[in-house]
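The values are calculated or read from the model by the stated rules, or taken from the named source; none is laboratory data. If you're wondering where the values come from, they're calculated on a predicted model, not measured in any experiment. Neighbour counts are summed over all protein chains in view; Cβ atoms, including those assigned to glycine, are modelled from backbone coordinates with ideal geometry. SASA here: full protein model, heavy atoms, side chains in, ligands and nucleic acids out. Shrake-Rupley method; radii C 1.70, N 1.55, O 1.52, S 1.80 Å.
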Amino acid sequence: MTFEALGINTSVLKALTDAGYTKPTPVQEQAVPAAIAGKDLLVSSQTGSGKTAAFMLPSLTRLAALPPAAAGKTPNQEMQAAKARGERPRFKAAQPKMLVLTPTRELALQVTTNTDKYAVNLRGIKAVSILGGMPYPKQMQLLSRNPEILVATPGRLIDHMESGKIDFSQLQILVLDEADRMLDMGFIDDIEKIVAATPDSRQTMLFSATLDGVVGNMARRITKDPMVIQIISAANKHENISQRVHFVDDLSHKNRLLDHLLRDETLDQAVVFTATKRDADTIADRLNIAGFSAAALHGDMHQGARNRTLDSMRRGQVKVLVATDVAARGIDVPTITHVFNYDLPKFAEDYVHRIGRTGRAGRNGLAISLVNHAEGMNVKRIERFTKQLIPVTTIEGFEPKRTAPPRSAARPGGWKPGDNRGGKPGQRSFSKPGAPRKEGGGYPREGGSGGYPREGASTGGGFNRDGGGYKGARTDGARRSYGDR
Ligand code: AMP
């Protein structure tokens, strides 16, 4: 399948060729023709699958086909004209044709950057980001140009709507990107309010890791006769990402091991995830002192500082990014070879998002969790969620004093990009065959959307333990059972 066959606007096709895209991804193959035809879409696919282009290419094609704006002036031009007439200029609301809602600022900026890339040859179609943390005067200036496309986080958008700066009466296309995440972050009321302000005639496309539960209910409420697309791609399953657990005795052991692993010669760039903003700062400082070029990224930083840090990462000036979950969502830097969980995430699905920062754009990646023995259960919860067994690995000179539970093992060291030793979905399992599993088993959900069943956390899935435990190959190659301690 070629991009040409999908019916994309020729100027956009040229931009794709210039960007080095040779063929559509599976989600693009399915979504683009339907969306160009004006269908509503419900798409289950994750970041890394090419979902941004899946909604943006058809949208640009449709926007480019609209008749030129009815010779109207932009709000900015109208204000200038009013001033010239000696009248008191009144701010005229921006009237976007397309709105993309995203859970985080980083993802919004990513979508805007990609849109600029795809729309580079389309005159008159501009995208702007409307984000929390950005100065209001700057946003007013952007809105005064009456951009066709707004990419926004819900909270700040509501502010502008309520103060009359944005009018959605001309909106034709609404996209909810990572809808499940927006609901997790408590944006449901904001989303309902925004959707209610848009015309019923709009086209709606919703992208989400899962279409179950609350997100599915909302999806069905806001779409009309949608085409449902479920993409289970290699990227979704992270088959190109090797995963490992290293058990550590204490913080000092963890820090020494991290320093050692960061010196791996196959490492190009890495993200280290911490549980708290404070730890992100402290560890970045410590790594800088140890000679790494490290930087922190977290939600307490001003948007400008966050953008500068991400730019430095993209330019390769920062080698190790030490980040919290929210700040790291949407990071798309293909040269990230390694992801480290300095702390395990609170929710199993965040693990999936974290490790997805590596292995991007068709490359391989390595995800390493540094775990103390008390956290063994949390590793199992992640394994249950991903239906993948994470091999436990030791490195000579860095072995934990306590023996790690021998539930799995991998050869030490020696990983190189291209290896993939992570377990495959459904390959091995923990609970007795046929034993009932707790619905939504895994991490208790705090706050969020009230604990709807998460993808991959439902019953079934076949984690079984055969007669006393998982039998895994140990580092020394001997076969031992789980109870063999
Ligand atoms: P996304 O899933 O939208 O976050 O996209 C993941 C990455 O894949 C981004 O860097 C995109 O620029 C890139 N990408 C999207 N579609 C294609 C394609 N058809 N060919 C090559 N790269 C792509």
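Among the residues of segment 340-389, those identified as within 16 Å of the ligand (Cβ to nearest atom) and touching a strand residue (DSSP E or B) at 6+ places or on another chain (Cβ under 8 Å) are ARG354, ILE355, GLY356, ARG357, THR358, GLY359, ARG360, ARG363, ASN364, GLY365. Scanning segment 31-50 for residues that are surrounded by 21 or more Cβ atoms within 10 Å (Cβ to Cβ) and in a helix (DSSP H, G or I) yields ALA31, VAL32, ALA35.
When we screen ASP167, ASP116 for residues that are open to solvent by 20 Å² or more (accessible area, probe 1.4 Å), free of Cβ contacts under 8 Å to residues at least 24 places away in the same chain and among the acidic types (Asp, Glu), the only hit is ASP116. Checked against (1) modelled with pLDDT of 90 or more; (2) of a type in the set (D, E, K, R); (3) open to solvent by 10 Å² or more (accessible area, probe 1.4 Å), ASP177 passes all but condition (3). Contact annotation: residue pairs with Cβ atoms under 7 Å, 6 or more positions apart or on different chains, pairing a residue in segment 3-32 that is more than 24 Å from ILE231 (Cα to Cα) and within 13 Å of the ligand (Cβ to nearest atom) with a partner that is open to solvent by 20 Å² or more (accessible area, probe 1.4 Å) and in a loop (DSSP other than H, G, I, E, B), are ALA15/VAL120; ALA15/ASN121.
Here LYS83 fulfils each of the conditions (1) part of a loop (DSSP other than H, G, I, E, B); (2) at pLDDT below 90; (3) not hydroxyl-bearing (Ser, Thr, Tyr) apart from (1). Determine whether ALA327 is at pLDDT below 80, more than 16 Å from the ligand (Cβ to nearest atom), outside any strand (DSSP E or B) and over 22 Å from THR282 (Cβ atoms). Criteria not met by ALA327. Give me a count of the residues in segment 182-230 that are touching a residue at least 12 places away in the same chain (Cβ under 8 Å), open to solvent by 10 Å² or more (accessible area, probe 1.4 Å) and among the hydrophobic types (A, V, I, L, M, F, W, C). Number satisfying all stated conditions: 11. Taking the conditions (1) basic (Lys, Arg); (2) modelled with pLDDT under 90; (3) part of a helix (DSSP H, G or I) in turn, ARG308 satisfies each one other than (2). Evaluated against (1) of a type in the set (Gly, Ala, Ser); (2) within 26 Å of ASP190 (Cβ to Cβ); (3) at pLDDT 95 or above, ALA37 falls short on exactly one condition, (2). The set of residues in segment 314-339 being in contact with a strand residue (DSSP E or B) (Cβ under 8 Å, 6 or more places away or on another chain) and closer than 21 Å to ARG278 by Cβ consists of VAL318, VAL320, LEU321, VAL322, ALA323, THR324, ASP325, ALA327, ALA328, ILE331, VAL339.
Where residues in segment 86-111 are open to solvent by 10 Å² or more (accessible area, probe 1.4 Å) and within 16 Å of the ligand (Cβ to nearest atom), which of them is modelled with the lowest pLDDT? Checking each candidate, the answer is ARG105. Every listed requirement among (1) surrounded by fewer than 19 Cβ atoms within 10 Å (Cβ to Cβ); (2) more than 16 Å from the ligand (Cβ to nearest atom); (3) not in a loop (DSSP other than H, G, I, E, B) is met by GLN317 save one, (3).
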